[in-house]
Amino acid sequence: MFHLLERYTTESVTSGHPDKVCDQISDAILDACLAQDRDARVAVESFGSHGTLMLGGEVKTSASVDFEKIARDVYTGIGYDDELKILNTIAQQSPDIAQGVDTGGAGDQGIMYGYATDETKEMLPLGVVLAHALARRLEILRRDGTLTWLKPDGKTQVTIAQGKVITALTSTQHAEEISQEDIRAALIEHLFTPILGSVEHIEILVNPTGKFVLGGFTADAGLTGRKIMVDTYGGLMPHGGGAFSGKDATKVDRSAAYMCRFAAKNLVANGYAKKALVSVAYAIGRVEPVMIEAFDDTGKNLTDVVVKNFDFKPRAIIERLGLTRPIFRDTAAYGHFGVDGRPWEAIERI
C-alpha cells in the first residue's frame, strides 16, 4: 500500500540546467548511434564544469559518429555561446558485459519502478505536471522572445497541500541589467499565472538568492543522470537509482522503467486501479526478471494482471516499445513520462 503525502514538493529544471545539458548530450549521442545502427550498444556519460566537457563511457556500434560535434551542437542549440573545451574518453564496450546482453539478458542488475495516477490527464501527480509545465514555459518565453532577458539555466518548484498549490518557485538565469522587481512582475504575468491560474493565494518565490546572472557550466558543474527524480515521479514514488540518459534499451535501468510506467498507466486507464505502482528487478545477463510486483494504493495485488499482459524480458520490452529508434534526445528534459507520443505512454486494452 502507498499514499501520496497531503503536502509535498516537486521540482523541475530547464533544458539549460547543467545536469540537463549533460543528459541531452548523452542522449543525442545515443540517437546518433541508433540512427545508423539499430543494434548499437551505448552507455555514455557527460560531465561539464567551467568551460570543459568530458565525454566518457562505452559504445559498441558500426555507426560513424562525431561525438564532439554532437556535444557542441547540443550546447549551442540550448542557447549557450561560451567556449567549450571537450575531452572525449568514450571507449569500446567490455566483452564481459556483451556476452550476457547478446543472448537477450539484462544489461545490469537493478530494480525499476513505474507509477500512474488518475488525478491528471498525464496520469502523473499534479505537482510533477505543474513543475514541468513551469520549466517548459520558462524556455518558451526565452525562445519566442517574450522575455528577452531570460537565459538558459533555470529551476522550478511547486508545493502542493491537499490538492492545491500553496507555493511556486522559480530560479531563472537572467541578463545583468534587469532588476529583480521587474523579473518577478514579468514572471507572475507570463509564467505563473498562465500555468497556475490566479496566484492570489499562492506564495510566489522568484530568484530567492537575489541574483542569477551566471548559469550553466560557467557557474556550476553538470553530470548525466543527476536528476533522476525530475526525470520520473518527483521523489513521490520509489526509485531504483538507475539513471536513463545515454543508455540504449538493453540497459534495463531505462527500458524496464519505461515498461513499468507503460504497465502502471494501462492498469489505471483500464480501470484496475486509481493509482498503480509496478516494480521489476533483474540480474545481469539473465533473461527473466527475478521479481515483478504491482499494487494499487489500497494494497490490492495486481501482479497477475501485469504478468499476463506485459512481458518484461529485455528483448520483449525493446520490441514492444520500439526502443531501437533514435527517440531519446527529446526525453532528456522535462521528464520522461506524461508526454503524448512516447511509446510507453500509449494506452491499450488489457
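The values are calculated or read from the model by the stated rules, or taken from the named source; none is laboratory data. Remember, it's a predicted structure, so these values are computed and weren't measured experimentally. Here the Cβ is made from the backbone with ideal geometry for all residues, glycine too, and neighbour counts use every protein chain on show.
Could you tell me which numbered condition residue 346 fails, if it satisfies all but one of (1) exposed (fewer than 15 other Cβ atoms within 10 Å of the Cβ); (2) on the phi > 0 side of the Ramachandran plot; (3) touching a residue at least 40 places away in the same chain (Cβ under 8 Å); (4) among the small types (Gly, Ala, Ser)?
(2)
Does the range 261-270 include one or more residues that are closer than 24 Å to residue 30 by Cα and either β-branched (Val, Ile, Thr) or buried (at least 17 other Cβ atoms within 10 Å of the Cβ) (or both)? Give the steps one after another, and end with the answer.
We begin by selecting, within the range 261-270, every residue closer than 24 Å to residue 30 by Cα; these are 261-262.
From what is left, the residues that are either β-branched (Val, Ile, Thr) or buried (at least 17 other Cβ atoms within 10 Å of the Cβ) (or both) are 261-262.
Among the residues of the range 261-270, at least one is closer than 24 Å to residue 30 by Cα and either β-branched (Val, Ile, Thr) or buried (at least 17 other Cβ atoms within 10 Å of the Cβ) (or both), which makes the answer yes.
For the range 205-215, check the following and say yes or no: at least one residue is within 16 Å of residue 169 (Cβ to Cβ), surrounded by fewer than 17 Cβ atoms within 10 Å (Cβ to Cβ) and of a type in the set (S, T, N, Q).
First, the residues of the range 205-215 that are within 16 Å of residue 169 (Cβ to Cβ): 205-212.
Cutting the leftovers down to surrounded by fewer than 17 Cβ atoms within 10 Å (Cβ to Cβ) gives us 205, 208-211.
Subsequent filtering for residues that are of a type in the set (S, T, N, Q) retains 209.
Looking through the range 205-215, at least one residue is within 16 Å of residue 169 (Cβ to Cβ), surrounded by fewer than 17 Cβ atoms within 10 Å (Cβ to Cβ) and of a type in the set (S, T, N, Q).
Cβ-Cβ distance below 6 Å, separation of 6 or more or different chains: which pairs start in the range 235-256 with a residue that is surrounded by 21 or more Cβ atoms within 10 Å (Cβ to Cβ) and end on one that is in a strand (DSSP E or B) and small (Gly, Ala, Ser)?
The qualifying pairs are 247/43; 252/106; 253/110.
Determine whether residue 290 is surrounded by fewer than 19 Cβ atoms within 10 Å (Cβ to Cβ), of a type in the set (A, V, I, L, M) and either outside the structural domain of residue 270 (by TED's automatic domain parsing) or on the phi < 0 side of the Ramachandran plot (or both). First the steps, then the outcome.
Numbers: surrounded by fewer than 19 Cβ atoms within 10 Å (Cβ to Cβ): yes; of a type in the set (A, V, I, L, M): yes; either outside the structural domain of residue 270 (by TED's automatic domain parsing) or on the phi < 0 side of the Ramachandran plot (or both): yes.
Judged against the criteria, residue 290 is a match.
Within the range 217-226, can one find any residue that is surrounded by fewer than 19 Cβ atoms within 10 Å (Cβ to Cβ), free of Cβ contacts under 8 Å to residues at least 60 places away in the same chain and on the phi < 0 side of the Ramachandran plot?
Within the range 217-226 (the criterion being surrounded by fewer than 19 Cβ atoms within 10 Å (Cβ to Cβ), free of Cβ contacts under 8 Å to residues at least 60 places away in the same chain and on the phi < 0 side of the Ramachandran plot), the answer is no, since none of the residues qualifies.
Output the strands (runs of 3 or more DSSP E) that fall wholly within the range 78-191 and possess 1 or more residues being under 25 Å from the mean Cα position of the chain (by Cα) and closer than 30 Å to residue 285 by Cβ, or say none.
Values: elements: 85-88, 110-117, 150-161, 164-174.
Counting at least 1 such residues, we get 85-88, 110-117.
Filter the range 291-341 down to the residues that are part of a loop (DSSP other than H, G, I, E, B) and aliphatic (A, V, I, L, M) and list them by number.
In the first step, residues of the range 291-341 are kept if they are part of a loop (DSSP other than H, G, I, E, B); the result is 297-300, 302, 310-313, 322-328, 333-341.
Across the range 291-341, the qualifying residues are 302, 323, 327, 333, 339.
Could you say which residue among 78, 29 is crowded, with 23+ Cβ neighbours inside 10 Å and of a type in the set (Val, Ile, Thr)? Before the answer, list the steps.
Working: 78 fails: crowded, with 23+ Cβ neighbours inside 10 Å.
Going through 78, 29 in turn, the sole match is 29.
Report, by residue number, each residue of the range 142-170 that is small (Gly, Ala, Ser) and either surrounded by 20 or more Cβ atoms within 10 Å (Cβ to Cβ) or on the phi > 0 side of the Ramachandran plot (or both).
Step one: of the range 142-170, the residues small (Gly, Ala, Ser) are 145, 154, 161, 163, 168.
Residues satisfying the conditions are 145, 154, 163, 168.
At pLDDT below 95 and over 24 Å from residue 16 (Cα atoms): is that true of residue 51 in this structure? Working first, answer last.
On the way: at pLDDT below 95: yes; over 24 Å from residue 16 (Cα atoms): no.
Considered against the rule, which asks whether it is at pLDDT below 95 and over 24 Å from residue 16 (Cα atoms), residue 51 comes out as no.
Being within 24 Å of residue 78 (Cα to Cα), among the polar types (S, T, N, Q) and outside any strand (DSSP E or B), is that true of even one residue in the range 225-237?
Taking the range 225-237 as the starting set, the residues that turn out to be within 24 Å of residue 78 (Cα to Cα) are 225-232, 234.
The next check asks that each one be among the polar types (S, T, N, Q); those that pass are 232.
Now drop any that are not outside any strand (DSSP E or B), which leaves 232.
Yes, some residue in the range 225-237 is within 24 Å of residue 78 (Cα to Cα), among the polar types (S, T, N, Q) and outside any strand (DSSP E or B).
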